[in-house]
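Q: This is the structure I want to talk about, given as structure tokens.
Every number here is computed from the coordinates shown, using simple stated rules; none is lab data. Please read all numbers here as calculations on a predicted model, not as lab measurements. Here the Cβ positions follow ideal geometry from the backbone for every residue, glycine too, while neighbour counts run over all protein chains shown.
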Amino acid sequence: MFTSTSNSGRRRAAAGLCLLACTLIAGCVVGPNFSTPAPPALAGYGAASAVTRLEGDGAAQVIEPGRPVDAAWWRLFGSPRLNDLVSAGLEGSPTLTAARAALAESQDQGRAGAGVFFPQLSGEADAERERFAPVEQGVSGKPATFGLYTLTGRVSYALDLFGGERRSVEALVAAADRQRYAAGAAYLALTGNIVDAAIARAGYADQAAALDDIVRLDGARRDGLNAQFRAGYGAWSNVLAAQQQLDADRQTLAVTVQRQAASMTLLQSLLGRETGTPAPAAPALADLTIPPDAPVSLPAQVVRERPDILQAQAALHQASAQVGVATAALFPSIDITGNFGAASLSLGKLGSPDGVFWGIGPSIKAPIFTGGALWYGRKAAQQDFLQVQSTYRQTVLSALEQVADSLKALDADAAVSAASRDAADAAQGDVILARANREAGVIADDDAMGLEIQADRARLILIAARSQRLQDVVALYLASGGGWSVSQPLGGAVRAGAK
């Protein structure tokens, strides 16, 4: 440290050293420079790479690879009640609120870390009453009591010669990006879960209604068979079989009603509301239409649009920067520090030239022997980078698999829906014919009720097929990125458009 008592040559040497250090500060940043991973070199998803038209249950749907997904994709189902549920969830979900807070926290941490690039200035003021005893210094003399007033300032600046501080801030910025994309993933998951739960509740409600009709017909059929047995021309085994079927259908109805209630409870939780509190009305299955268009992001788009992939990419960037931090720790670090101040035995003379002091100079710290801590710390950072790199790769593969599976599911759904509709229509035709024949006395009541039960069971299958098709449309939208935008990670633009 050079002090005020140093000669002019030392002052010039200190200034020269500072100038040299400042020149070197931008000259070296150790560690790897991060580059965005290349997107998959795939043109599409096999057979679904071209525009495809799907028909089923009277609803045509066009699969369009390469077309962007609507940011408010849930509106494509044509249900104002569904739109209200999603809007309520975006406003009230604790999960989304926590994601926003975590994002703000990570951004503030990045700003705090960037403070290292500025000189650090601190000040201190002291006022003490002391008693000095010369004997403590090994000399004779009388003790003296006096007051000492000191005003001190300190300036320090870290010369980031090897880029360790810059890599640390780079890691903080990447962590903020990671949290931004995590918030985007939470936003997509929330909207998808709300729509899925609403579809499930609507499907269970319709199935419960169909099962209630079946249970009613089961009971009437059992009573009719029992009456035949008591009249002496029916078999008791028929009564027992009818009772068993009634009991089985009652069990299925109870489970379906429980699932309907659970889906409503889930909806309230997703909206951020306690169970049993008022909530926007949920849509009926008949209120939900199959969206006529199903845009699909291509593989190169998926890796640039899905927030979970971008989150994994930001984690990779963060791990890369940490390798640079660990590498820079192997090299010397230099700080330029200076202090200045004044001291006096009297508060009124605190600014007297006789009490002014200052000092300036560099301090160099170099690791000489650390028992391998720094070396293996760098190797650990490199291994962590490789691990995160593999995780990123797996995230991309899983995303592409989800898109491909969703496309295949929609293709199968269209076929199942068409077959289920045909079967339900045929069963309903049998019911109409059976009612006419029963009135004409051609068939017995038991046979007519059996056909009605078959029609209701065909209706159950049709309801399940329609619900599954709707949920697979949701899965495709989410797998393609859900129209999420980096500039609006939590759907601000969607809320504005929903007014």
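Q: Give me the angle, in degrees from 0 to 90, between the Cα long axis of helix 8-24 and the longest principal axis of the Cα atoms of the chain, rounded to the nearest 10.
A: Long axis of 8-24 versus the principal axis of the chain: about 20 degrees.
Q: Please give the net charge around Leu148, taking every other residue with its beta carbon less than 15 angstrom from that of Leu148, where Lys and Arg add +1 and Asp and Glu add -1.
A: So the surrounding residues net to -2.
Q: From the phi angles alone, apply the Karplus equation (6.51, -1.76, 1.60; θ = phi - 60°) to region 272-281 and give each ³J(HN,Hα) in whole Hz, x where the residue is Gly or Pro.
A: So the Karplus estimates, Gly and Pro as x, are x, 10, 6, 4, x, 7, x, 8, x, 4 Hz.
Q: I would also like to ask the following. Give me, ordered by chain and number, the residues 5 or more places off Val69 or on other chains with an amide H under 5 Å from its own placed amide H.
A: It is Gly483, by chain and number.
Q: Over the Cα atoms of region 357-424, what Rg and Dmax result, in angstrom?
A: Taking only Cα atoms of region 357-424, I get Rg and Dmax of 29.4, 98 Å.
Q: Given the peptides 324-333, 58-67, arrange them by the average over their residues of other C-beta atoms within 10 Å, most packed first.
A: 324-333, 58-67
Q: In whole Å, how far is the Cα centre of region 303-355 from that of region 115-162?
A: 24
Q: To continue, here is another question. Taking every Cα atom in region 54-200, find the radius of gyration and the maximum pairwise distance Dmax, and write them in Å.
A: 31.7, 110
Q: Provide, in order from the shortest bin, the percent of all Cα-Cα pairs of region 181-222 in each 5 Å bin, continuing until the bin that contains the maximum pair distance.
A: Pair shares across the bins are 6, 21, 13, 13, 10, 9, 9, 7, 6, 4, 2, 1.
Q: Helix 236-270 against the longest principal axis of the chain: what's the angle in degrees, Cα atoms only, rounded to the nearest 10?
A: On a 0 to 90 degree scale, this one is about 30.
Q: Here's another thing I want to ask about it. In degrees between 0 and 90, to the nearest 10, how far off the longest principal axis of the chain does helix 94-113 point, with axes built from Cα atoms?
A: The two axes meet at around 20 degrees.
Q: Mind listing the phi-derived Karplus ³J(HN,Hα) values for region 193-208, rounded to whole Hz, using 6.51, -1.76 and 1.60 with θ = phi - 60°, and x for any glycine or proline?
A: Along region 193-208, the couplings run 5, 5, 5, 4, 5, 5, 5, 4, 4, 5, x, 5, 4, 5, 5, 5 Hz.
Q: Averaging the inverse of every distinct alpha carbon separation and then flipping it gives the Kirkwood radius. What is it for region 310-367, in angstrom units?
A: Taking every pair of different Cα atoms in region 310-367, averaging 1/r and inverting gives 15.7 Å.
Q: Over the Cα atoms of region 298-404, compute the convex hull volume and normalise it per residue, giving Å³.
A: 189
Q: Kirkwood hydrodynamic radius of the chain from all distinct Cα pairs, in Å?
A: Final number for the Kirkwood radius of the chain is 29.7 Å.
Q: May I ask for the longest run of the chain untouched by chymotrypsin sites (Phe, Trp or Tyr not before Pro) that are loop-located per DSSP and have at most 10 neighbouring C-beta atoms (other than their own) within 10 Å?
A: In short, 1-232.
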